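For reference, the structure discussed in these notes is given below.
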Amino acid sequence: KDLLIQNEVEKKNLQGLIIKLEDIERLLISSNQELLNLSKLIESSSFNLRSKLSKRYPSIDLDINGLPQFLYGRVENNKRFNTKSSQISVNPSLTINWDLIDPQRGPEIKLAKNSLEIAKNNFLIKKKDLLLEARSRFHKYQKSFEDIKSSETLVDSSKISLNQAEARLQSGLGSKLDVLEAKAQLVRDQQFLEEKKEDFFINEVSIKEILNVKGNIQIKKDHRLLGYWPHTLENSINNGSNSSISLKNIKFQKSLKENESNILLSDNKPFIFISNTFSSSFSKGSKLAQFIDPDEKESEYSNILSLNLSWNLFDGGESRNSANAKKIEAKAENSKFSNLSNILQKDIIDSYSKLRLNKKRVISTSKELKYNQESLRLTRLKYESGISNLRELINVQKDLAKSKENQIAAITIYNLNIDKLERLTGLKPTTNCYVNNALIKKEFLNTFCSL
């Protein structure tokens, strides 16, 4: 039984990790080093916020001078008697400070909250960017696999053509030139297949790098359209602007600068705090005595409660000027917000426009592939009947290979465009083949559901 389990584990290791498109986000969060580093920054900002919140509560300090303290000495005096000291003592002191009015406390807490939100948003931005890049690499990896299958079909077709040419030559119906042309085409197709295999290897390394995956991997190889976009351009733009994390981060950056300005202005405001100090002293032995009594004991204590004021009345304008500098930096974030908003809107419009073009490309390449498949079938029948020549068959075969390559590329580009729109707008595509949506033409819907 153990041997069977071990063999099964080894078999899975050889097959490699099976990766689906929906698994990419989970793999990124669990293994990508950039995201792991950003998650540590979130943790750091969280601790910093807790540190600032603790300023609302009193602080307690315990000081002990000597734990214990030993004193030994002698004083000689020519007018009076000499004295000696031999004493052991402990002097603890407990101080409680509580800030009643701290002008910097509120802005510092708000600043720490802003920093935490910015750290969280930076994590989300990087996660979405990496997810877009990883999905892009996944689509290209899928494309290269489909290219290999298409190239293998092309090689098989060229082998059939070569066998037919050789058979016709042996029967006296063909020529040696046809055989040479068929061999040359087979070599070209085999070279094309090797190039596609090399692309597949490069794309495999690329997807493994971003997912930080070691060893062999496998992917879900059904190369199809992810869905279609049921949202209007206006809705896409509005939702993109409202859900953009980068725009939210700019708002937090503005608030952060404003709080930094308030902290600097608070330097010239009064700080009021309560302080309570309890101190005591315990000693055993004699101090400055003519005769040492080791059993002599002494203790004392005192408690001081005070209301304190600290006020930096004038610093030459340093705090005010520094605060004004931060206010100007906060206003500069408004221009950054407008600029990024315009860029985001332009990117959404461009992606939306390209998606409409890519939909037409998917339809046209699908039709082209069907036509060329039928054309190859008829041309091969004509060649077998002696009506057509090998050159015509090879040309039709090339057209079919090109149309298949175009369809694979069209599906990949379409999926990349869907992913980018989803990243920019925060909206989702749909896969419902029976939806009634005026934005989706029936021709594209039929093509989408048939692929």
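Here are the numbers:
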quantity: Test: residue in region 86-105 that is open to solvent by less than 30 Å² (accessible area, probe 1.4 Å), part of a helix (DSSP H, G or I) and not aromatic (F, W, Y); calculated: no
quantity: Residue match in region 264-274 (condition: touching a residue at least 40 places away in the same chain (Cβ under 8 Å), open to solvent by 60 Å² or more (accessible area, probe 1.4 Å), within 35 Å of the chain's Cα centre (by Cα) and farther than 30 Å from N389 by Cα); calculated: no
quantity: Residues of region 169-179 that turn out to be open to solvent by less than 80 Å² (accessible area, probe 1.4 Å) and free of Cβ contacts under 8 Å to residues at least 60 places away in the same chain, as a count; calculated: 5
quantity: Qualifying position, being under 44 Å from the mean Cα position of the chain (by Cα) and among the aliphatic types (A, V, I, L, M), among I160, I237; calculated: I237
quantity: Residues of region 236-259 satisfying the condition of being open to solvent by less than 50 Å² (accessible area, probe 1.4 Å) and either among the hydroxyl-bearing types (S, T, Y) or more than 30 Å from N417 (Cα to Cα) (or both); calculated: S236, S241, S243, S244, S246, S255, L256, K257, N259
quantity: Criterion: over 45 Å from the mean Cα position of the chain (by Cα) and polar (S, T, N, Q) - qualifying residue of S302, S353; calculated: S302
quantity: Test: residue in region 75-85 that is open to solvent by 30 Å² or more (accessible area, probe 1.4 Å), among the β-branched types (V, I, T) and farther than 30 Å from P294 by Cα; calculated: no
quantity: Complete set of residues in region 332-352 that are exposed (fewer than 13 other Cβ atoms within 10 Å of the Cβ) and touching a residue at least 40 places away in the same chain (Cβ under 8 Å); calculated: N334
quantity: K297 being under 30 Å from I245 (Cα atoms), open to solvent by 60 Å² or more (accessible area, probe 1.4 Å) and not aliphatic (A, V, I, L, M); calculated: no
quantity: Checklist (1) within 21 Å of E166 (Cβ to Cβ); (2) in contact with an Asp or Glu (Cβ under 6 Å, 6 or more places away or on another chain); (3) of a type in the set (S, T, N, Q) applied to N372, failing item; calculated: (1)
quantity: Failed item in (1) modelled with pLDDT of 80 or more; (2) more than 30 Å from R105 (Cβ to Cβ); (3) in contact with a Lys or Arg (Cβ under 8 Å, 6 or more places away or on another chain), with L71 passing the rest; calculated: (1)
quantity: Filtered residue count, region 184-223, keeping only those that are part of a loop (DSSP other than H, G, I, E, B) and modelled with pLDDT of 90 or more; calculated: 0
quantity: Qualifying residue in region 41-56 (condition: modelled with pLDDT of 80 or more, outside any helix (DSSP H, G or I) and either of a type in the set (F, W, Y) or open to solvent by less than 70 Å² (accessible area, probe 1.4 Å) (or both)); calculated: no
quantity: S286 modelled with pLDDT of 85 or more, within 15 Å of V90 (Cα to Cα) and more than 49 Å from the chain's Cα centre (by Cα); calculated: no
quantity: Residue that is nearest to S30 (Cα to Cα), among those in region 167-183 that are assigned to a helix (DSSP H, G or I) and hydrophobic (A, V, I, L, M, F, W, C); calculated: A182
quantity: Any hit, region 186-199, residues being over 39 Å from the mean Cα position of the chain (by Cα), under 22 Å from Q397 (Cβ atoms), open to solvent by less than 70 Å² (accessible area, probe 1.4 Å) and not hydrophobic (A, V, I, L, M, F, W, C); calculated: yes
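The values are calculated or read from the model by the stated rules, or taken from the named source; none is laboratory data. Here the structure is a predicted model, which means the values were calculated and not measured. Virtual Cβ from ideal backbone geometry, glycine too; neighbours counted across all protein chains shown. Ligands, DNA and RNA are excluded from the accessible area calculation, which covers all protein heavy atoms including side chains. Shrake-Rupley method; radii C 1.70, N 1.55, O 1.52, S 1.80 Å.
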